[in-house]
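K.L.:
Can you read through this structure? Questions will come right after.
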Amino acid sequence: MRYRKTLVSDETWTDAQKTDIEASLELSGEIVEDKRAPTGFEIKVKEFKLVGESLGWPIQKDQSTELLADMKHLWLRSRYMTSIMKIRSTVFGAIDEYFRKEGFYEYHSPIFQATQAEGGSTLFSVNYFGKPVFLSQTWQLYAEPAIFALEKIYTIAPAFRAEKSKTSRHLTELWMCEMEMAWANFKDIQDHGEALIKHVVKRVLEHNMEELKILNRDIKI
């Protein structure tokens, strides 16, 4: 943003000097191309209004994992985090688009379940009004009866696995896409899995190239 004191009053200039990261502003001016700017454009400001100051913004040079984890509600505003969220939104939308195009119905199971579905060692137990129930590991046990009603079903839902591990491949809470269909063999399931992945990747490349650049992702790999 370019700003010249000669264009405004001393009072407005004083307000402008108070601006910090995440201050709320109302700007009027001319948008001009500038390759030095992160977005490729800047504003030649003619009118300026400070709506809300940002006092002591805590995320500065120190961007350690510990600090950003404690400030996650603020770190969400960064271009890095918004890029991740935009791509995630595209992925979820592409999954819905693919399955609905293929004649599938969205079907959900309860999050609280009375029995295990994957394995007893990874269950999260919950006290449900004096009775033990478990957080869902998968929708599978509820989905199998629904196949005979709707034939082709899918879901995008949270799943919980009580796996004590610090690796990046083990999550205690995750979102999982699952599908079931009647009158299908293994090749049918395999073909849908392959086609779904291709469709999701295609949509991300169509809609999120800028976000992939911000995340330094090499799409040629």
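The values are calculated or read from the model by the stated rules, or taken from the named source; none is laboratory data. Nothing here was measured: the structure is a model prediction, and the numbers come from that model. Cβ coordinates were reconstructed from backbone atoms using ideal geometry, including for glycine residues, and neighbour counts include every protein chain displayed.
K.L.:
Taking the residues in region 83-117 that are loosely packed, with under 13 Cβ neighbours inside 10 Å and closer than 19 Å to L215 by Cβ as candidates, determine which candidate is farthest from the chain's Cα centre (by Cα). Reasoning before the result, please.
P.N.:
So the first thing to find is which residues in region 83-117 are loosely packed, with under 13 Cβ neighbours inside 10 Å, and the list is 85, 89, 100-101, 103, 110, 112, 114-115.
Applying the additional criterion that residues be closer than 19 Å to L215 by Cβ yields 85, 89.
Values: M85: 3, S89: 6 Å.
Looking at residues that are loosely packed, with under 13 Cβ neighbours inside 10 Å and closer than 19 Å to L215 by Cβ, I get S89.
K.L.:
Taking region 13-46 on its own, how many of its residues are part of a strand (DSSP E or B) and either in contact with a Leu (Cβ under 7 Å, 6 or more places away or on another chain) or small (G, A, S) (or both)? Reasoning before the result, please.
P.N.:
Let us first name the residues in region 13-46 that are part of a strand (DSSP E or B), namely 24-33, 41-46.
The next check asks that each one be either in contact with a Leu (Cβ under 7 Å, 6 or more places away or on another chain) or small (G, A, S) (or both); those that pass are 24-25, 28-29, 43, 45-46.
Residues meeting the conditions: 7.
K.L.:
Exactly one of (1) modelled with pLDDT of 90 or more; (2) more than 15 Å from H108 (Cβ to Cβ) is unmet by T167. Its number?
P.N.:
All conditions are met except number (1).
K.L.:
Inside region 32-66, can you point out the residues that are surrounded by 13 or more Cβ atoms within 10 Å (Cβ to Cβ) and either modelled with pLDDT of 90 or more or basic (K, R) (or both)?
P.N.:
D34, E42, K44, K46 - these are the residues of region 32-66 that are surrounded by 13 or more Cβ atoms within 10 Å (Cβ to Cβ) and either modelled with pLDDT of 90 or more or basic (K, R) (or both).
K.L.:
With respect to the numbered conditions (1) touching a Leu at 6+ places or on another chain (Cβ under 7 Å); (2) of a type in the set (K, R); (3) closer than 25 Å to V204 by Cα, which one is the sole condition not fulfilled by K101?
P.N.:
Condition not satisfied by K101: (1).
K.L.:
Given R169, R203, which one is within 20 Å of the chain's Cα centre (by Cα) and in contact (Cβ under 8 Å) with a residue 60 or more places away in the chain? Please lay out each step first, then the result.
P.N.:
Numbers: R169 fails: in contact (Cβ under 8 Å) with a residue 60 or more places away in the chain.
None of the others qualify; the one that does is R203.
K.L.:
Look at region 173-196 and say how many of its residues are surrounded by fewer than 17 Cβ atoms within 10 Å (Cβ to Cβ) and either part of a strand (DSSP E or B) or touching a residue at least 40 places away in the same chain (Cβ under 8 Å) (or both).
P.N.:
First pass over region 173-196, keeping only residues surrounded by fewer than 17 Cβ atoms within 10 Å (Cβ to Cβ): 173-176, 178, 182-191, 193-195.
After this cut, where a residue has to be either part of a strand (DSSP E or B) or touching a residue at least 40 places away in the same chain (Cβ under 8 Å) (or both) as well, the list is 173-176, 178, 195.
Counting residues in region 173-196 that are surrounded by fewer than 17 Cβ atoms within 10 Å (Cβ to Cβ) and either part of a strand (DSSP E or B) or touching a residue at least 40 places away in the same chain (Cβ under 8 Å) (or both) gives 6.
K.L.:
Filter region 115-164 down to residues that are without any contact (Cβ under 8 Å) to a residue 12 or more places away in the chain and assigned to a loop (DSSP other than H, G, I, E, B), then give me how many there are. Quick ask: steps written out before the conclusion?
P.N.:
Pass one, region 115-164, residues without any contact (Cβ under 8 Å) to a residue 12 or more places away in the chain: 120, 125, 127, 129-132, 145, 149, 164.
From what is left, the residues that are assigned to a loop (DSSP other than H, G, I, E, B) are 129-130, 164.
Here the count works out to 3.
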